[in-house]
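The values are calculated or read from the model by the stated rules, or taken from the named source; none is laboratory data. All values reported here derive from a predicted model rather than from experimental measurement. Neighbour counts are summed over all protein chains in view; Cβ atoms, including those assigned to glycine, are modelled from backbone coordinates with ideal geometry.
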Amino acid sequence: MIRLDNLTKVFDTPKGAVVAADHINMEVPRGEICILLGPSGCGKTTTLKMINRIIRATSGKVFLDGEDTTGMNTQDLRRSIGYVIQQIGLFPNMTIEENITVVPRLLGWDRTAYKKRARELMDMIAMDAEAFLKRYPSELSGGQQQRIGVARALAADPPVMLMDEPFGAIDPINRAVIQDEFLKMQAELKKTIMFVSHDIDEAIKMGDRIAIFREGKLVQYSAPDDLLSAPRNGFVESFLGEDRALKRLNLVKVREVFSDEMGSVKPDDTLETALSRIDDFGYQNAILMVNDRGEPAGMITRSVARTTRGYCRDHYQTAPPVAQLDDDLRKVASLMFANDTTWLPCVDARGRVCGHITQRAMTHHLGSRYRSRPEDSAPLRSQPETKE
Amino acid sequence: MPIRSLKSAGRWVLAILLFAAGVWAQRSGVIEDFLYYLPDVRYLAVQHLFLTAMSGSLAIAIAVPLGIVLSRPSMARFAESLMQVLNVGTTIPTLAVLALSMSFLGIGTVPAVFGLTVATLLPITRNTYVGLKGVSPALMEAAAGLGMSPAQRLFRVELPNALYVIFAGIRTALAINVGTVPLAFLIGAGGLGELIFTGIDLYDTVMMLAGAIPTALLAVIVDALVATIAFLVVPRGVNPSRA
C-alpha cells in the first residue's frame, strides 16, 4: 500500500517559487496499479519521484504499508522499492546478469542466491537465460532492454514499484506486447504499483485506478470506468478526449455483456426446423449452425430456409467470426464493423459456442452508466439481429 | 581481387625498399656509427623511461582524483572555472614550465619530474572530468533509484562508464610526456635528450638520430601499451574497440 499525505514540492526558480505538487493526498491499495496521468508539467513525475526521494519533498509524508518513510535511510528505502524509468538506464558496463542482480548484490545476497534469482527473473519476463545473461545491454533491442529494466526492478521482490513512463520509448507494437506481459506478471505478483503515463489508452489498459493531475494538483482519482463515465470537470473531460465512451470499450469484457440465450441448429436438422427456430427467436436474417463438438460451423439464412427443402448441412454459408469471452468490446466492435454485422457468436476457451453478443447489448451496457433514469438501466433482453 | 593484388604488390615494393635502405646503411657505415652509441642509448633510454614513469604515475595519481572531485555535483559551481585555470596552464610551453621549476627546485631529476607532471596533468584531469560528466543522467537516476550510495554510484557506474574516455586522456598525456622528456636534459635530468641536444650542438646527425629515433619508438611503445591496458581494463559493454 502506498499512501501520500499532503505531499508538496515547491521548486525555487529564478522566476520565483513554483509549486510542482500541491498537497497531494492519495492511497494506492495493496496489489493495485495506480496510473498518474496528465499533461507534461502537471506534477505527476514529481509526485512519483518524491516517493523514493529522487526529488526531496518540501513537506508531507509518504507511507508504505502503513509505515511512515520519513525516518528511513534513503538507500534502504530505495532498495525496498522497484524503480523503472523511461530511459531504461541499464548499466552498459555490466552484463545483463549483473544488471538484474544489482539490488540483490547491494543487499548482500550470496552468489548462488542471486544467480538463481537472475534465472527466475529471466523466466518471468520470458527471455532465454542462457542466451542473454552474459550479454551486454547494447546488444539488446529496446523492447528487450525494457524487459530487463522491469526484471531489475523486480529483482529483490519489492512490494512496491514506481514506474516512470516505463514503456514510453518503445514502438507501439512492442509496447502493447510488453504491457500485456506486464499485466500477466502483475496478476501473479500483486505488486503495489505507481505508474506515470501521459497516454490515456495505456492508463485505461493498465490502471486499476487513475489519478489525473493538473498544475500540481490531483484533480480526479478514480477507477478507469468511473473516470470515463463521470469525469469531474471540463479539464478531465477534454483530457480524456471526445471519444471517451469508445475508450470504455477497452474496459468491458465480452463475458460481462454476452447473452447465453440463443437459438442454433445442428447440421442434421432440416431447413424447416431452422426456419421455425429463426421465427421462434425472432431473428431477422439467419441462424447459427453448430456442429457436434459445439463449435460454430455455418449460417443458415432465412431465405434459404424458406425456399429450399433438405438438411442444414447441405445449405449453410460460412460461419461468422467469433468473439472470445475474454476479448474486450473494442475488439468485438472492430470485428462487427469489419464484417458488417450487428452480432457475433461467443465461444469459450475451448472454442464451443456459449452465447452471442449484439451491438445493441454493447451500446446499452455502455450507455447505462450515463443514464440516470431507472427504467432505462433495466436489463434488456438482447437478440441477434441480422447477418448478411 | 584487384585490391588484394595491389596490396601484395605494395608489400613487395616495401620489402624491396627496406632491403635497399639496409644495403645503403651498411655501405655508408651509418649502422656502425649507430652501434657506437648503443650503450649510451640503453642507459639513457632507461633514464628516459624512469622520468616518464615517475611523472606519468604522479600525474595520474593527482589528475584522476582531481577530475573525480571536480565532477561531483557539489563542486559544479567551481569546476568550470578551475578547468579554465588548468586550460590556461597548458598554454604555457613545457620548456617554460621546466625553466620555472628549475628556478625553484634547482637542477636534476626532481625539478624535471615536477615540470613533466604539471605538463601531463591537464589532459588526464580534463578527460576524467568530461568522462564522468558525460555519464548519462538516466544511468545516474537509475543507480540512485535502485539504492546505490554515492560511493557505489561512483565506483560501479560512473567510473566504469567513463573509463574509456579517461584512458584516452592518459594515452594522449603519456605520449606527450615521452616526447617532452628530452627537454628535461636541459635542466640536468638526463634522458635521450642528451644525445639529441648534444648531437644538435655538435652538428652530428647520427648522434642526434641515435637520440631521436629511440624517443619516437618509446612514444609509440608507451602509446600501444596504454592502449592495450585500456582494451583489457575497460568493461566490454562500454569499450568501443571490443564492440
query = Can you name every residue in the stretch B:135-151 that is over 22 Å from residue A:161 (Cα atoms) and in contact with a helix residue (DSSP H, G or I) (Cβ under 7 Å, 6 or more places away or on another chain)?
reply = B:135
key: Unmet requirement for residue A:176, which otherwise passes all of (1) without any contact (Cβ under 8 Å) to a residue 12 or more places away in the chain; (2) of a type in the set (A, V, I, L, M); (3) part of a loop (DSSP other than H, G, I, E, B)   = (3)
query = Does residue B:237 count as part of a helix (DSSP H, G or I) and at pLDDT below 90?
reply = yes
task = Look at residue B:77 and say whether it is over 23 Å from the mean Cα position of the chain (by Cα) and free of Cβ contacts under 8 Å to residues at least 24 places away in the same chain.
result = yes
query = Which of the following residues is without any contact (Cβ under 8 Å) to a residue 60 or more places away in the chain and buried (at least 16 other Cβ atoms within 10 Å of the Cβ): B:98, B:154, B:139?
reply = B:139
request  = Would you check if residue B:4 is exposed (fewer than 10 other Cβ atoms within 10 Å of the Cβ), closer than 29 Å to residue B:208 by Cβ and of a type in the set (D, E, K, R)?
outcome  = no
note = Within the stretch A:113-144, residues in a helix (DSSP H, G or I), within 21 Å of residue A:174 (Cα to Cα) and either in contact with a strand residue (DSSP E or B) (Cβ under 6 Å, 6 or more places away or on another chain) or aliphatic (A, V, I, L, M) (or both) come out as A:121, A:122, A:124, A:129, A:131
query = Considering only strands (runs of 3 or more DSSP E) fully contained in the stretch A:1-112, which possess at least 1 residues that are out of contact with any Gly (no Cβ under 7 Å at 6 or more places or on another chain) and β-branched (Val, Ile, Thr)?
reply = A:2-13, A:16-28, A:59-64, A:81-85
key: the stretch A:261-275, residues that are polar (S, T, N, Q) and either in contact (Cβ under 8 Å) with a residue 60 or more places away in the chain or in a helix (DSSP H, G or I) (or both)   = A:264, A:273
note = With criteria (1) within 23 Å of the chain's Cα centre (by Cα); (2) not in a helix (DSSP H, G or I), residue A:203 comes up short on (2)
note = Within the stretch A:147-173, residues being farther than 14 Å from residue B:145 by Cα and among the hydrophobic types (A, V, I, L, M, F, W, C) number 6
query = Would you say residue B:146 is of a type outside the set (Gly, Ala, Ser), buried (at least 18 other Cβ atoms within 10 Å of the Cβ) and without any contact (Cβ under 8 Å) to a residue 24 or more places away in the chain?
reply = yes
inquiry  = Which condition from (1) in contact (Cβ under 8 Å) with a residue 40 or more places away in the chain; (2) farther than 27 Å from residue A:52 by Cα; (3) surrounded by 14 or more Cβ atoms within 10 Å (Cβ to Cβ); (4) not aliphatic (A, V, I, L, M) is the one that residue A:165 breaks?
reply    = (2)
request  = Check the stretch A:95-116 and report whether any residue there is in contact with an Asp or Glu (Cβ under 8 Å, 6 or more places away or on another chain), of a type in the set (Val, Ile, Thr) and in the same structural domain as residue A:149 (by TED's automatic domain parsing).
outcome  = no
ask   = Is the stretch A:126-136 home to any residue that is within 8 Å of chain B (Cβ to nearest Cβ) and either out of contact with any Asp or Glu (no Cβ under 8 Å at 6 or more places or on another chain) or surrounded by fewer than 14 Cβ atoms within 10 Å (Cβ to Cβ) (or both)?
value = yes
inquiry  = I'm trying to understand the selection: among the residues of the stretch A:139-155, which are within 13 Å of another protein chain (Cβ to nearest Cβ) and either surrounded by fewer than 18 Cβ atoms within 10 Å (Cβ to Cβ) or of a type in the set (A, V, I, L, M) (or both)?
reply    = A:139, A:140, A:148, A:150, A:151, A:153, A:154, A:155
ask   = So which residues in the stretch A:84-103 are facing another protein chain (nearest Cβ under 8 Å) and farther than 16 Å from residue B:136 by Cβ?
value = A:95, A:102, A:103
request  = Would you check if residue B:83 is part of a helix (DSSP H, G or I) and in contact (Cβ under 8 Å) with a residue 12 or more places away in the chain?
outcome  = yes
Subset of the stretch B:118-173 that is more than 28 Å from the chain's Cα centre (by Cα) and charged (D, E, K, R) - its residue that is nearest to the other protein chains (Cβ to nearest Cβ) = B:141
